[in-house]
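None of the figures in this text is laboratory data; all of them are computed from the coordinates on show. Note that the structure is a prediction, hence the values are computed from the model and not measured. Cβ atoms come from the backbone with ideal geometry, glycine included; neighbour counts cover every protein chain shown.
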């Protein structure tokens, strides 16, 4: 578990005068999912290209499965699987034929290739469509076949570059199940995504990129605790009670803000223990509550806060 399978140290990647990556460092132990978040153009796909030996870093050091991606590129390619943003299967071949072709290219015998194809089709619930041409597959089926193709060679590390783009919720969940199964079996996965619920569900740790730089890293809970905002919302029974309730909350040290609609007021809090202080403040003035809700920060809150701070750094006009 402690063996590092992905190590990126101070990596830069330049295209002429433009830096796509600028001093990026990150790591992932064996049997974990590293989530890589960032808007389009943040550098996610560029980094995946370097990790998978498709591109060379301008500077810095990268190791995958303990191997240097520049000096030992051929051996790295034997240890990894890669699934891009769009399915890369041959649509004129059946699902089974696609997998057999890849296995044969990797050096398997005909019998070994057929056995591996059958195994993967069963894992990905594609046995019933094994001999249909891939062009007849739904989007979710194609993505599952694409991921199966990346696993033909039993990779130790898999790079998933926005693998659920364009999938419906059911197909996304099915792919999540496969990812979680792979991790339980010891595979290390780097997952780039723009779906924050996906990172929250799957990633053991998260790195956020913006303009080619790492702007935050940690577990989802660590990022939420560091950057996210907890809040309490109180709802009074009538508009007449709201001014009195607001004053009581302010005197108790809170900063309530009226919601745009309804009779609710929301305020930031440190943690759930502040709920008791809110209730006491309401009781002290005899305000009747119609509702009381406590909200933990979400990864969406963290991402929005990080992107706002990156777009508007201190001292710069907003």
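For the chain, what is the convex hull (Cα atoms) projected area averaged across all directions, in square nanometres?
Approximately 21.3 nm², given one-decimal rounding.
Determine, for 2, 161, 197, the number of other Cβ atoms within 10 Å of each Cβ, and report the residues in order from fewest to most.
Working: 2 6, 161 21, 197 14.
Starting with the residue having the fewest Cβ neighbours, the order is 2, 197, 161.
Specify, per residue and in Å³, the volume enclosed by the convex hull of the alpha carbon atoms belonging to the stretch 95-140.
That works out to 70 Å³ per residue.
With a cut-off of 8 Å between alpha carbons and a minimum separation of six or more residues, what is the relative contact order of the chain in percent?
Normalised by residue count, the contact order of the chain is 19 percent.
I'm a student and want to see the number: the projected area of the Cα convex hull of the stretch 165-297, averaged over all directions, in nm².
11.5 nm²
Connecting C-alpha atoms closer than 10 Å in a GNM of the chain, tell me which of 101, 21, 37 has the biggest fluctuation.
101
Can you give the % of DSSP beta bridges in the stretch 230-296 that are antiparallel, to the nearest 5?
Details: 14 of 14 bridges.
Around 100 percent of the beta bridges assigned by DSSP in the stretch 230-296 are antiparallel ones.
Can you give me the angle between helix 95-105 and the longest principal axis of the chain, using Cα atoms only, in degrees from 0 to 90, rounded to the nearest 10?
60 degrees
Ranked by Cβ crowding within 10 angstrom, fewest neighbours first, how are 39, 131, 96 ordered?
Arranged by neighbour count, lowest to highest, 39, 131, 96 become 131, 39, 96.
How are the Cα pair distances of the stretch 54-147 distributed, in percent, across 10 Å bins from 0?
Each 10 Å bin holds this share of Cα pairs: 15, 39, 28, 16, 2.
Pairing the Cα long axis of helix 110-123 with the longest principal axis of the chain, what angle in degrees results, from 0 to 90 and rounded to the nearest 10?
That helix lies at roughly 20 degrees to the long axis.
Hey, any idea what the orientation-averaged projected area of the convex hull of the stretch 87-206's Cα atoms comes to, in nm²? If you can, show how the numbers build up before the last one.
Details: hull surface 28.3 nm².
Reported value for the Cα convex hull: 7.1 nm².
On a 0 to 90° scale, report how tilted helix 274-284 is relative to the longest principal axis of the chain, with both axes built from alpha carbons and the result rounded to the nearest 10.
Between the helix axis and the principal axis of the chain, the angle is about 20 degrees.
Quick one: work out the % antiparallel among DSSP beta bridges in the chain, nearest 5.
Here the share of antiparallel DSSP bridges comes out near 65 percent.
Could you work out how much longer the chain between residue 273 and residue 229 gets when fully extended? Use 0.36 nm per residue separation minus the Cα distance between them, nm to one decimal.
Fully extending the segment from residue 273 to residue 229 adds 14.4 nm.
Please work out whether the stretch 230-296 counts as rounded, prolate or oblate from its C-alpha gyration tensor, where a ≥ b ≥ c are the square roots of the eigenvalues and a/c under 1.5 means rounded, while otherwise a/b larger than b/c means prolate and anything else oblate? Show your work: numbers first, answer last.
Details: a/c = 1.60, a/b = 1.22, b/c = 1.31.
Note, shape of the stretch 230-296 comes out oblate.
Once you've got the GNM for the chain with C-alpha springs shorter than 10 Å, pick whichever of 276, 199, 216 has the biggest mean-square fluctuation.
Comparing 276, 199, 216 in a Gaussian network model of the chain, the most mobile one is 276.
Within 10 Å of each residue's Cβ, count the other Cβ atoms and sort 215, 227 from fewest upward.
Ordered by Cβ neighbours within 10 Å, fewest first: 215, 227.
Anyone know which of 17, 163, 29 comes out most mobile in the 10 Å Cα GNM of the chain?
17
For the chain, what is the calculated [θ] at 222 nm in deg cm²/dmol (nearest 500), taking -39500 (n - 2.57) for each run of four or more DSSP H residues and dividing by its residue count?
-11000 deg cm²/dmol
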